[in-house]
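Below is one structure, written out as structure tokens; the observations come after it.
The values are calculated or read from the model by the stated rules, or taken from the named source; none is laboratory data. Every value quoted in this text rests on a predicted model; they were computed, and no experiment measured them. Glycine also receives a Cβ, built like all others from the backbone with ideal geometry; neighbour counts cover every protein chain displayed.
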Amino acid sequence: MAVSFKSAVTPLIVAAALSFGAAGTASADALTENFDGGLPSGWTVVNNSAPQGAINWFTGDTSVFDAYEGAANSYLGSNFNAVANSGTISNWLILPTSTYRNGDTLSFYTRTDTASFFPDNLEVRFSTSGGVDVGNTADSVGTFNTLLLTINPTQAIGGYPESWTQYNVSLSGLTGATNGAFALRYLVTDAGVSGNNGNYIGIDSLNITATAVTAVPELETYLMMAAGLGLVGWMRKRKSRSA
């Protein structure tokens with residue numbers, strides 16, 4: 001009987017140990033996007049430029065520059081025609097909603113044309129509720145009120161990279177697993193064909209890297225461990241009495 005009883009106890013202890021040691025659970029959905037097929041499925045573009053122009057985000061124009069990698073036109077671009085005549089460009093590129101945790105990282109490459117005399121600017125924003133709510137004016141940001149990065153915020157000539165340059169942002173300050181979304185916002189004031197700012201930018205080789213998190217044991221795991229340890233103690237006590 002002793003042998004039979006021990007064989008029943010052992011698997012219980014092993015199961016508890018496996019549950020307690022589980023690790024490496026991913027947070028956000030890892031993503032690699034090289035824009036080989038233009039605008040990816042599930043992404044959203046919103047042009048809130050004022051006055052709104054005829055251009056949103058489009059497949060890269062190889063007459064301006066080639067992609068960072070892959071086919072020559074495999075990147076996304078936007079330009080001064082996002083606004084009509086002159087005004088403020090506010091052209092959004094919104095990624096799909098996913099579950100994020102602190103440490104998750106967004107990286108991408110961007111550039112403008114060589115020897116550009118019409119400054120550009122790009123923001124990276126995050127919404128802690130996800131979705132595509134960016135408001136409906138050139139100044140609004142909707143739920144994307146967390147500013148993570150601004151490239152050339154003063155709109156200085158030469159302030160935006162003129163060769164492909166990588167940028168990285170990491171999430172922090174989240175209270176736990178959060179359904180959220182990243183967005184890139186092409187934002188330029190006094191832009192357009194009659195404005196003094198705004199030329200052409202490209203986005204390529206975008207990645208989301210999920211940080212690994214250790215799974216927290218559930219209540220059932222602790223109960224299993226306690227039961228297993230209790231049974232082991234009972235067996236030792238029984239053996240002692242038999243001796």
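Restricting to segment 82-119, name every residue that is under 30 Å from L174 (Cα atoms) and among the hydroxyl-bearing types (S, T, Y).
S90, T97, S98, T99, Y100, T105, S107, Y109, T110
Just to check your reading of the model, which residue among T189, T175 is modelled with pLDDT of 55 or more and assigned to a loop (DSSP other than H, G, I, E, B)?
T175
Does A156 meet the test of being assigned to a strand (DSSP E or B), among the hydrophobic types (A, V, I, L, M, F, W, C) and at pLDDT 95 or above?
Judged against the criteria, A156 is not a match.
Here is a list: A115, A138. Which entry is of a type in the set (A, V, I, L, M), touching a Gly at 6+ places or on another chain (Cβ under 8 Å) and closer than 27 Å to N81 by Cβ?
The unique qualifying residue is A138.
Suppose we keep only residues that are among the aliphatic types (A, V, I, L, M) and within 17 Å of I201 (Cβ to Cβ) within segment 41-53. Which one would you say is surrounded by the fewest Cβ atoms within 10 Å (Cβ to Cβ)?
Here the answer is V45.
Between residues in segment 138-164 that are without any contact (Cβ under 8 Å) to a residue 24 or more places away in the chain and residues that are aromatic (F, W, Y), which pairs lie under 7 Å by C-beta distance while being six or more apart or on different chains?
From residues that are without any contact (Cβ under 8 Å) to a residue 24 or more places away in the chain, the pairs are T146/F126.
Picking from S86, S19, which residue would you name as being modelled with pLDDT under 95, touching a Pro at 6+ places or on another chain (Cβ under 9 Å) and farther than 24 Å from L149 by Cα?
Testing whether each residue is modelled with pLDDT under 95, touching a Pro at 6+ places or on another chain (Cβ under 9 Å) and farther than 24 Å from L149 by Cα leaves just S19.
Within segment 150-171, can you find the residues that are surrounded by fewer than 15 Cβ atoms within 10 Å (Cβ to Cβ) and not polar (S, T, N, Q)? Show your work before the answer.
Filtering segment 150-171 for residues surrounded by fewer than 15 Cβ atoms within 10 Å (Cβ to Cβ) gives 150, 153-154, 156-158, 162-163, 165-166, 168, 170.
Matches in segment 150-171: P153, A156, I157, G158, E162.
Does A84 count as touching a residue at least 12 places away in the same chain (Cβ under 8 Å) and either part of a loop (DSSP other than H, G, I, E, B) or not assigned by TED's automatic domain parsing to the domain that holds Y160 (or both)?
no
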